[in-house]
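Undergrad: Submitted below is the structure of interest, expressed as structure tokens.
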Amino acid sequence: MILSLIILICILLISKYILLVPIAGSIIAIFGVSLLYILLALSLGLFISVIAETQVAALLISGMILLMPSIMLSGMIYPIESMPQILQYLADIVPARWYIAAIRKLMIMGVGINMIYKELIVLTVMTVILLTIALKKFKTRLE
């Protein structure tokens, strides 16, 4: 968590002062949404670690199965609206899609936190579901 926050600060500083990307929205809102996404990513990692039998299986699940869909279906490279309908439905279960949409609205459009409720709700629900399942499964494996 701490390492992710340090990386977030570095990325924001690089984007602002080296790449000259204007940050139109609230930096506190950007940190809040990013903190939620970091917690979601850590919950997903915990979930993968408790369902995988071996370290190699966990690496394959996180690397092969999650990385490519996250990149292709997040809306970062290709607009989600131009994808076929089935891929748009698949994109809705990719956490990065909701984070990128929220950060795009905050940083580029400069909207307030009240304009990203949908993204916040989806990210929060995903975090709670993944964390709950991972913690239940974790207790089961310890017994």
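Undergrad: Under a 1.4 Å probe, what is the accessible area of the range 5-143 per residue, stated in Å²? Write out the running numbers ahead of the final one.
TA: Working: 8980 Å² over 139 residues.
With all protein chains present, the range 5-143 gives 65 Å² per residue.
Undergrad: Using the Cα centre of the range 16-143 as the reference point, and only Cβ charges (+1 on K/R, -1 on D/E), how large is the resulting charge dipole? Debye, rounded to the nearest 20.
TA: Details: 9 positive and 5 negative charges, 42 e Å.
The dipole of the range 16-143 has a size of about 200 debye.
Undergrad: Scattering from the C-alpha atoms of the chain alone, worked out with Debye: what is log10 I(q)/I(0) at q = 0.13, 0.20 1/Å?
TA: -0.65, -1.33
Undergrad: Using a Förster distance of 41 Å, how high is the FRET efficiency between residue 115 and residue 58, based on the Cβ-Cβ distance and rounded to 0.05?
TA: Numbers: r = 37 Å, r/R0 = 0.90.
Taking R0 as 41 Å, the efficiency between residue 115 and residue 58 is 0.65.
Undergrad: With all pairs of different alpha carbon atoms counted, what Kirkwood hydrodynamic radius in Å does the range 62-143 show?
TA: Values: mean 1/r = 0.0701 Å⁻¹.
About 14.3 Å for the range 62-143.
Undergrad: At 222 nm, what value in deg cm²/dmol follows for the chain if DSSP H runs of at least 4 each add -39500 (n - 2.57) and the sum is divided by all its residues, to the nearest 500? Kindly include the intermediate steps, with their values, before the conclusion.
TA: On the way: 7 runs with 92 residues, N = 143.
After summing the helix terms and dividing by residue count, I get -20500 deg cm²/dmol.
Undergrad: Given the Cα-Cα distance of residue 28 and residue 83 and 0.36 nm per residue of separation, how much length would full extension add, in nm? Display every interim value, and only then the final one.
TA: Details: separation 55, 0.36 × 55 = 19.80 nm, distance 3.24 nm.
Roughly 16.6 nm would be gained on extension.
Undergrad: Related question: With an 8 Å cut-off on Cα pairs and a minimum separation of 6 or more residues, tell me the relative contact order of the chain in percent. Intermediate results must be reported in sequence, preceding the final value.
TA: Details: 128 pairs, mean separation 50.3, N = 143.
Reported relative contact order: 35 percent.
Undergrad: Normalising by the residue count of the range 80-135, find the relative contact order in percent from Cα pairs under 8 Å and 6+ residues apart.
TA: Working: 21 pairs, mean separation 15.7, N = 56.
Here the relative contact order equals 28 percent.
Undergrad: If I model a spin label at residue 8 and residue 104 as a point 7 Å from the Cα along the Cα→Cβ vector, what separation in nanometres do I get?
TA: 2.1 nm
Undergrad: Return the Rg/Rh value of the range 23-89, two decimal places, where both radii are evaluated on C-alpha atoms and Rh is the Kirkwood radius.
TA: Working: Rg = 15.3 Å, Rh = 14.2 Å.
A ratio of 1.08.
The values are calculated or read from the model by the stated rules, or taken from the named source; none is laboratory data. Only a predicted model underlies this, so the values are computations on that prediction, with no experimental measurement involved. Backbone-built Cβ (ideal geometry, glycine too); neighbour counts: all protein chains shown. Heads up: the accessible areas ignore ligands, DNA and RNA and are worked out on the full protein's heavy atoms, side chains in. Shrake-Rupley method; radii C 1.70, N 1.55, O 1.52, S 1.80 Å.
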